[in-house]
Each structure stands twice: as structure tokens, then as C-alpha cells.
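Here the structure comes first, spelled out in C-alpha cells, and everything after it is commentary.
The values are calculated or read from the model by the stated rules, or taken from the named source; none is laboratory data. These numbers were taken from a predicted model, which means no experiment stands behind them. So basically every Cβ, Gly included, is an ideal-geometry build from the backbone, and we count neighbours across all protein chains shown.
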Amino acid sequence: MTGRLLAALALLVSGLVLGLVVGPAAPAAACSCVRLGADQYAQRADFAFVGTPTKERSTDDERVYRFTVETVHLGDVRRTQDVVTELAPGDAVDSCEQRLPLEEKVLAMGTVDDEGRLSFGRCQWPAWGLDDPFTDRLVKALPTGSEPLAGKDLVEIEATRREDLRWVGLAVGVIGLVTLGWVAVRGWRARSRRTPG
């Protein structure tokens with residue numbers, strides 16, 4: 001009876017470890033974003049500025065762009081400003097996601113997220129090159145530009161990635177299986193010594 005119980009526990013722990021390693025399937029993400037008119041973008045934006053993205057950092061869930069800002073049309077924006085963009089869940093491809101070219105001046109627009117950070121929403125076109133004709137229409141729809149606020153507004157991103165947590169889960173699972181096997185062998189040896197042979 002004890003052997004069957006231990007075998008069932010080993011199977012359960014193995015399944016849990018496998019689940020941590022493989023991980024749950026990510027939901028599919030499709031882009032159903034509609035491009036808006038210049039006035040609509042301007043009305044929905046909490047911030048708008050002209051600046052140059054100089055650095056990009058990412059986690060599994062978000063990407064952070066660091067900008068050197070030249071002109072602010074809307075919102076409280078600093079001379080050095082980080083802006084967050086949410087990424088598609090897991091490995092799903094999100095055709096709405098727009099990668100910004102580094103070291104190329106753009107007009108950036110977005111909203112303030114629940115944590116008070118400047119953010120490019122997933123269904124927004126976060127930036128337009130200054131040579132894009134649509135950019136001229138956007139600038140006309142926005143308030144007159146001014147100097148950015150002095151200083152920096154930087155975003156710290158979580159350094160622990162899900163992939164790292166999976167390896168920790170795998171290690172804990174292997175240690176658990178080894179311990180379970182050790183307990184089973186000790187129980188079997190103790191029982192075999194008591195059983196007349």
C-alpha cells in the first residue's frame with residue numbers, strides 16, 4: 001500500500017515539474033486595432049512629445065524605451081523620459097506592436113497607465129517619423145510645443161523573468177523527487193528487514 005502511495009506521489013510531482021518546465025500555453029493574440037484620425041489620437045493622448053529613443057529594455061511582459069525629449073506638446077514629460085509598451089502575452093505575435101527605431105527622431109504619443117507611467121497602449125501607434133505626412137496632421141491637432149521638464153523620469157523593470165522561475169521550479173521538483181525516492185527506499189529497506197525471508 002505504501003509503495004503505491006509513493007508511486008502516485010512521484011507521478012504527481014513529476015507532472016507538476018513537467019508543467020513548470022513546459023508552462024501553460026499562451027493565448028493567441030491578434031491585432032484588431034484600427035488606425036484613427038489625427039484629431040482622435042490627439043484627444044485620446046495623455047502625452048505627446050518629439051524626441052529620440054536612445055535605449056530599449058524588455059521583460060516578458062513589457063518593453064521600455066528611453067527618450068531624449070526635445071519638444072513637449074502634451075503632458076508632464078522630462079528631458080530624459082522612459083515610456084513603457086505592453087507586449088503580447090507569451091510567445092504570441094502581436095501585429096499591432098510597433099518597434100521604434102533607435103536614434104531616430106519621432107513624435108511619440110500615449111497614455112498614463114495604472115502605475116502612473118507614460119505608456120504606449122497595444123492598440124496605439126506610439127510614434128511617427130517626422131517625415132511621415134500624418135505627423136504634420138498630428139502636430140496641428142496638438143497644443144503648441146514647449147520645453148520638456150528638467151530631470152529624468154525612469155522606469156525600473158522587473159529583472160526576474162518567467163524563464164528563470166521555471167528553472168527554479170525544475171530544481172525544486174528534482175530535489176523533491178530525489179527526496180521522495182530516498183524516503184521510499186528507506187521505507188522499503190526497513191520493511192524488508194522486518195519481513196522474515
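The residues listed here are T68, T2; of these, the one that is surrounded by fewer than 12 Cβ atoms within 10 Å (Cβ to Cβ) and either outside the structural domain of P133 (by TED's automatic domain parsing) or modelled with pLDDT of 60 or more (or both) is T2.
Each row is one residue, and each column tells you yes or no for (1) at pLDDT 95 or above; (2) assigned to a loop (DSSP other than H, G, I, E, B); (3) out of contact with any Gly (no Cβ under 9 Å at 6 or more places or on another chain); (4) surrounded by 17 or more Cβ atoms within 10 Å (Cβ to Cβ).
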| site | (1), (2), (3), (4) |
| --- | --- |
| R79 | yes, no, no, yes |
| T85 | no, no, no, yes |
| A88 | no, yes, yes, yes |
| V93 | no, yes, yes, no |
| L100 | no, yes, yes, yes |
| G110 | no, no, no, yes |
| D114 | no, yes, yes, no |
